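Input: a single structure, listed below in structure tokens.
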Amino acid sequence: MEQLDHFIHEHPLAFSSEEQKIEGQAICCGCQEPVFGPTYNCSECNFVLHKSCAQLPTQTHHPLHRGHPLDLRAKPSPEVYTTCDACSKICNGFTYRCRPCNFDLDIICASLWRNIMDDGHQHVFIPLMKQIHFTCEACGKEGKCKSSLCSICQLWIHRECADFPRTLKIIGHDHLLKLIYSLHQIPHPNYVFCKLCYRKVNTKFAAYYCPDCNYIAHLYCATHTNIVDNSVPNEAVDFVTRVTDHDITHFRMQHNLVLCDVELEDDKRCYGCVRLISPPFYSCSLCDLFLHKSCNELPGQKQHPLHQHPLTLRTNADSINSIFICDACGHHCNGFAYNCDQCHFNLDVYCSLISEKLTHSGHKHPLFLPWIKTSECCSACGGSEEDDLFVCLDCNFTLGYTCATLPFVAWHSGDDHLLSLMYPSDDVEDDSRDYYCLICEEERNPHLWFYYCADCDFSAHPRCVLGDYPFIKFGATYKYDTHPHSLTFVQKTKNYPPCDACGEPSTDWSLSCAQCRINVHGEGNCFWHQQEQGRITFSNTPC
């Protein structure tokens, strides 16, 4: 027979199922209600408990007394009278008590009021006309102002806080969020963070909460105008669901792709992500094209935390010259793009792989991407990042999207070996030597990230190693409807000829036609103007 050693009673309690009858007193010693259903009872005395009363937690946090936990106890003696601070009735059974505050709740009120608070506030707030100095139990701010009161729940809040919607839908979360005035049910209440700004949430006050996902958001974060989703959500696109995509299917049909698993010694780049190629990868037997196996298996659509609409994979960027600017890292790219048709939003492949939680070898703690933007400085480069900044919940480390997507290895003509991305510790500095970039020959900050070759003792700024256009694959060719030949992306050299459209010197890169012996600025009005005119021929030289 199942037995229970309950801390409130000195004898073991035996379990009785609902079919068994209990002789003698049929009143539960915990809640003082008649006994029905499963019980625990004592064979030596008339002590009996409902099964639910016997399994009550010994300590609880309750919304009616947020300052301290409440401890379960029995009535000390028949001569001692305790009054429930919720219903004002005398407590003859179990109570939850705060000894420092002399606060008591009988277990009926403790259960009833908890359910009311967990289901969200359903009562009307009464506005108080006089200004009073108080602490708002919704937002937690203290001051003298007009207030509103719920006399049933004893909630005292700002007049404007009474206008927070009871439920709302935000961008980036599939379920409705519910306004609740206590987070006592949340595990580890001292380590709760808002999923929109990743700042700490005070569980003593109100917040928006999704019980299905344990998702929590500050009041003002969840009601931010850029966060609230007022539209009826369409059918959600699963982040990892593979779908058939016309662009990628057509791309595979154009090239004879063969899977390879060998290391390449030169700086070949992936056609999709424009990063250095590494095995396993596909190569085309008919042209100089390489594609990571992972880039060949990208989903045709995905949802990303940086954008509210589904993104579609494109093998040619949605731009006039097939080069787009990634809206996450800010780099130019001529690889694959995840594109939003509604907003002209673009992500390069590498940025699209990073979700709102980032584990990076450059920092020991996980990093999170807030929906509410910040203007702090990036700890990796020291630059100011207004948008898309990852934050650490354990320390003051921040990481901009541009630095978060830096290649772990890179080539540069100033060294014969691959350069590795290095992450110096902020609390260690070697004063025995000077710190210089061996490319620009300017001093570098020893606390910031840099590229390094140990064999040659070669160190340099990331910007100096990668250049202004690290994710443009020079030498790649594209075919345009307005020109009979393929045009090639060409990086400028010292004696590179001027632009055939405007006559000005070439700057960083150009588009060139070898058969027509012409080149034109890839950026600016030159290419745009000639494309609008329906031609890409800039001189009288016939093709």
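Condition check ((1) closer than 19 Å to ALA337 by Cβ; (2) at pLDDT 85 or above; (3) not assigned by TED's automatic domain parsing to the domain that holds LEU298) across all residues:
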{"residue": "ILE216", "(1), (2), (3)": "no, yes, yes"}
{"residue": "ILE227", "(1), (2), (3)": "no, no, yes"}
{"residue": "ASN234", "(1), (2), (3)": "no, no, yes"}
{"residue": "VAL237", "(1), (2), (3)": "yes, no, yes"}
{"residue": "ARG252", "(1), (2), (3)": "yes, no, no"}
{"residue": "ASN256", "(1), (2), (3)": "no, no, no"}
Legend entry - Residues that are of a type outside the set (A, V, I, L, M, F, W, C), surrounded by 19 or more Cβ atoms within 10 Å (Cβ to Cβ) and either at pLDDT below 85 or under 29 Å from LYS146 (Cα atoms) (or both), drawn from the stretch 86-129: ARG114, HIS121
Legend entry - Residue count for the stretch 337-367, restricted to those that are assigned to a strand (DSSP E or B) and within 19 Å of LYS302 (Cβ to Cβ): 10
Inset, instruction - Could you grab the pairs with beta carbons closer than 7 Å, sequence gap of 6+ or different chains, first residue in the stretch 176-188 and under 11 Å from CYS210 (Cβ atoms), second one in a loop (DSSP other than H, G, I, E, B) and at pLDDT below 65? - result: LYS178/GLY120; ILE180/GLY120
Legend entry - Condition met for SER510 (assigned to a strand (DSSP E or B), modelled with pLDDT under 80 and either in contact with a strand residue (DSSP E or B) (Cβ under 6 Å, 6 or more places away or on another chain) or over 24 Å from SER322 (Cβ atoms) (or both)): yes
Legend entry - Lone qualifier among LYS144, LYS200, LYS195 - being at pLDDT 85 or above, in contact with a helix residue (DSSP H, G or I) (Cβ under 9 Å, 6 or more places away or on another chain) and surrounded by fewer than 20 Cβ atoms within 10 Å (Cβ to Cβ): LYS200
Inset, instruction - Output the number of the condition that GLY30 fails; it satisfies all remaining conditions of (1) out of contact with any strand residue (DSSP E or B) (no Cβ under 6 Å at 6 or more places or on another chain); (2) closer than 13 Å to HIS9 by Cβ. - result: (1)
Legend entry - Selection from the stretch 379-398 of residues that are in a loop (DSSP other than H, G, I, E, B), touching a Phe, Trp or Tyr at 6+ places or on another chain (Cβ under 9 Å) and either farther than 25 Å from LYS302 by Cα or free of Cβ contacts under 8 Å to residues at least 60 places away in the same chain (or both): SER379, ALA380, CYS381, GLU385, ASP387, LEU393, PHE397
Legend entry - Flag if ILE325 is surrounded by fewer than 20 Cβ atoms within 10 Å (Cβ to Cβ) and at pLDDT 85 or above: yes
Legend entry - Qualifying residues in the stretch 294-307 (those that are of a type outside the set (A, V, I, L, M, F, W, C) and closer than 10 Å to GLY272 by Cα) - the one surrounded by the fewest Cβ atoms within 10 Å (Cβ to Cβ): SER294
Legend entry - Flag if TYR350 is under 23 Å from the mean Cα position of the chain (by Cα) and touching a residue at least 60 places away in the same chain (Cβ under 8 Å): yes
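The values are calculated or read from the model by the stated rules, or taken from the named source; none is laboratory data. The shown structure was predicted, so the numbers you read here are calculated from the model rather than taken from an experiment. Ideal geometry is used to build each Cβ from the backbone, glycine not excepted, and the neighbour counts take in all protein chains shown.
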